[in-house]
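The values are calculated or read from the model by the stated rules, or taken from the named source; none is laboratory data. None of the values given here were measured: they were computed from a predicted structure. We place every Cβ from the backbone using ideal geometry, glycine too, and count neighbours over all the protein chains shown. For the accessible areas, the whole protein counts, side chains as well, though only heavy atoms, and no ligand, DNA or RNA atoms are used. Shrake-Rupley method; radii C 1.70, N 1.55, O 1.52, S 1.80 Å.
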Amino acid sequence: MMDGDRVYDAGFEGDMVEFIEAGAPVGQRTLVKDACLQAPLRPRSLRDFITFEAHLKTSYERLGLSIPKEWYQIPVYYKGMPDTVIGPGTNIPWPSYSDYVDCELELAAVIGRQGRNIAADDAEDFIFGYTIWNDVSARDVQRVEMPVGLGPGKAKDWDGSNVIGPCIVTADEFDPHNLRMSLRVNGEEWTEDSSGNMHYSFAELVAYASRDQTLYPGEVLGSGTPAGGSGIDTDRRFKENDLVELEIAGIGILQNRIGDRA
């Protein structure tokens, strides 16, 4: 074997969503030269929920908002753009229209089976696996958009504004219910929290998203950010060239640098 060569049990040659949809069949060992880790999939869709009360309270206060009582009744979400996804090791682009770029630590579930009107008791059977999601945000733009009441738009949408990786851990190897989640910047830990503090479980997120709507393999559902899991929570700012590391026990570390201002 030559230097730089790696052997992987790839199981497929192509799209991860097609692989999940096919039932993740075991395939031949594949020789890959000079492998470079990219985003583990291009999601079919992105739904980002807000399940951590502590983050919601703090971030809303800093955005001049208050938690609506409806948040305690339903697990609301907004939709992201799949084509904005980048992977580990890639610089996060700084959008030209913002002076305040923030990162958000999130746990995300990847749907593995088609389903509609899924009961919460059955929902975990529809999850293929879990990954880390860095939901990058332009906070100054979000502060203007949110009072309109439609949720974030350009505050979350630019090329490279969603980072997923470093891998997908399959659900049979993973328990999402009480995991250590941490954010480090340039080696300094900014926060540590637990997925056990989610107000809504992933089973509830799947059940809600599937109401009268079919979910398909490769769709991604995000947990939202834990306490202190973004700069806005602690009134800290990310800068150009900052090294951002999001770590979740059992998955690994999603590492990226903040790029130069456009």
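Out of region 90-111, which residues are more than 16 Å from the chain's Cα centre (by Cα), outside any strand (DSSP E or B) and not hydroxyl-bearing (S, T, Y)? Walk me through it before giving the result.
Filtering region 90-111 for residues more than 16 Å from the chain's Cα centre (by Cα) gives 91, 93-101.
In the following step, the residues that additionally are outside any strand (DSSP E or B) were identified as 91, 95-100.
Scanning region 90-111 gives N91, P95, D99.
When only residues in region 141-151 that are open to solvent by 50 Å² or more (accessible area, probe 1.4 Å) and part of a helix (DSSP H, G or I) count, which is farthest from Y100 (Cα to Cα)?
Our first condition is that a residue be open to solvent by 50 Å² or more (accessible area, probe 1.4 Å); within region 141-151, this holds for 143-144, 147-150.
Still in the list and also part of a helix (DSSP H, G or I): 143-144, 147-148.
Details: R143: 11, V144: 13, P147: 18, V148: 20 Å.
Checked region 141-151; the qualifying residue farthest from Y100 (Cα to Cα) is V148.
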* To do: Restricting attention to region 172-191, report how many residues are open to solvent by 40 Å² or more (accessible area, probe 1.4 Å) and touching a Phe, Trp or Tyr at 6+ places or on another chain (Cβ under 6 Å).
  => 0
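Looking for something modelled with pLDDT of 95 or more, among the small types (G, A, S) and buried (at least 23 other Cβ atoms within 10 Å of the Cβ) - is there at least one such residue anywhere in region 208-221?
Initial filter on region 208-221 (modelled with pLDDT of 95 or more): 208-221.
Going one step further and asking which of them are among the small types (G, A, S), we end up with 209-210, 218.
Filter once more, so that each one left must be buried (at least 23 other Cβ atoms within 10 Å of the Cβ): none.
The answer is no, given that none of the residues of region 208-221 is modelled with pLDDT of 95 or more, among the small types (G, A, S) and buried (at least 23 other Cβ atoms within 10 Å of the Cβ).
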* Structure fact -> Inside region 127-140, the number of residues satisfying the requirement of being open to solvent by 30 Å² or more (accessible area, probe 1.4 Å) and over 16 Å from the mean Cα position of the chain (by Cα) is 1
* Structure fact -> Listed by range, strands (runs of 3 or more DSSP E) wholly within region 152-251 having at least 1 residues that are more than 13 Å from the chain's Cα centre (by Cα) are 162-170, 180-185, 188-194, 243-248
* Structure fact -> Checked region 131-140 for anything assigned to a strand (DSSP E or B) and either touching a helix residue (DSSP H, G or I) at 6+ places or on another chain (Cβ under 8 Å) or hydroxyl-bearing (S, T, Y) (or both); matches are T131, S137
* Only residues in region 212-240 that are closer than 30 Å to N117 by Cβ count as the first member; pair them with residues that are among the small types (G, A, S), Cβ under 6 angstrom, at least 6 apart or cross-chain, and list the lot. => L215/G115; P217/G112; E219/S45; V220/A108; L221/A109; G222/A108
* Residues (touching a Lys or Arg at 6+ places or on another chain (Cβ under 9 Å) and either open to solvent by less than 10 Å² (accessible area, probe 1.4 Å) or at pLDDT below 95 (or both)) located in region 231-258 -> G231, I232, D233, D235, D242, V244, L246, I248, I258
* Which residue, of V141, V185, is under 20 Å from T90 (Cβ atoms) and at pLDDT 95 or above? -> V185
* Look through G218, G228, G196 and report the one residue that is touching a helix residue (DSSP H, G or I) at 6+ places or on another chain (Cβ under 6 Å) and farther than 23 Å from E61 by Cβ. => G218
* Structure fact -> Selection over region 64-86 where residues are crowded, with 18+ Cβ neighbours inside 10 Å and part of a loop (DSSP other than H, G, I, E, B) yields a count of 1
* Quick one: which residue in S194, S201 is surrounded by fewer than 20 Cβ atoms within 10 Å (Cβ to Cβ), closer than 25 Å to E21 by Cβ and polar (S, T, N, Q)? => S201
